[in-house]
Amino acid sequence: MTVTADFAMSLDGYIAGTGVTVDNPGGDGAELLFEWIHNLASWRERQGMTGGEENRDSELMREWFDATGAVVMGRTMYDTGEEFWGDNPPFRAPVFVLTHHPRPTLVKEGGTTFTFVTDGIHSALDRARAAAGERNVDIAGGASTVRQYLGAGLVDELQLHVVPALLGDGLRLFEGTGTGRRRVEQVGVVDTPLATHLKYRFVE
């Protein structure tokens, strides 16, 4: 079982645009980050749609979906995504939401459950590991949540989908992560016209 973090990133290092709100969850310019995903067959399957392109990008997305057995996210990501995901969210796995405000577990269609964890990142990860079995746990975001897990040395692999676009401003993943000096090993590179897919494993 591996703890992963997986993000689309602009060439200038942004994972979201400016002005992130509930009504604008990816921020201004988010279409430049995510438009490559929306017509992939594997992505459309997860949204309950048919059709789409079967290509190497779609294969990589399907591999990630199939390997992920549980998800951890922060409350901001949940709040900005809840309405967009609707009654049948694309996770199809247990999701553990970091929050300071307890609430009952939400059971959605398609196998997604949202469990709200109030006792910190280690507790959320322990519960996600137990739920995932032999599959991976993905630290989905947002950036603040991933930074906390990076800073605690709890992420095993990082996959970045670098898209050929410049946002100019927005939210950076690595800004102030507090990880110190850490060695990473590059374990995968796939280059397509839509994105350069980079996978790294932390070795120290």
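When the stretch 10-50 is filtered for residues that are closer than 18 Å to E82 by Cβ and of a type in the set (D, E), only D23 remains. Here is the figure for the stretch 183-196: residues that are open to solvent by 70 Å² or more (accessible area, probe 1.4 Å) and either small (G, A, S) or not in a strand (DSSP E or B) (or both) total 2. On the basis of being surrounded by 17 or more Cβ atoms within 10 Å (Cβ to Cβ) and at pLDDT 95 or above, does M77 make the cut? In short, no. Number of residues in the stretch 26-47 that are touching a helix residue (DSSP H, G or I) at 6+ places or on another chain (Cβ under 8 Å), touching a residue at least 24 places away in the same chain (Cβ under 8 Å) and more than 22 Å from V137 (Cβ to Cβ) equals 1.
Each residue in the stretch 99-147 was checked for being open to solvent by 50 Å² or more (accessible area, probe 1.4 Å), under 25 Å from E63 (Cα atoms) and acidic (D, E), and 3 pass.
Table: residues versus (1) more than 21 Å from V189 (Cα to Cα); (2) basic (K, R).
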residue: T18; (1), (2): yes, no
residue: T21; (1), (2): yes, no
residue: P25; (1), (2): yes, no
residue: G29; (1), (2): yes, no
residue: N39; (1), (2): yes, no
residue: R46; (1), (2): yes, yes
residue: M49; (1), (2): yes, no
residue: G52; (1), (2): yes, no
residue: N55; (1), (2): no, no
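If you go through the stretch 10-35 and keep only what is open to solvent by less than 60 Å² (accessible area, probe 1.4 Å) and among the aliphatic types (A, V, I, L, M), you end up with I15, A16, A30, L33. Looking only at residues of the stretch 83-130 that are basic (K, R) and over 18 Å from the mean Cα position of the chain (by Cα), we find that the one that is farthest from G151 (Cα to Cα) is K108.
The values are calculated or read from the model by the stated rules, or taken from the named source; none is laboratory data. This is a predicted model, so every value here is computed, not measured. Counting neighbours? That spans all protein chains shown, and the Cβs are built from the backbone with ideal geometry, glycine included. Calculation scope for accessible area: heavy atoms of the full protein, side chains included, ligands and nucleic acids excluded. Shrake-Rupley method; radii C 1.70, N 1.55, O 1.52, S 1.80 Å.
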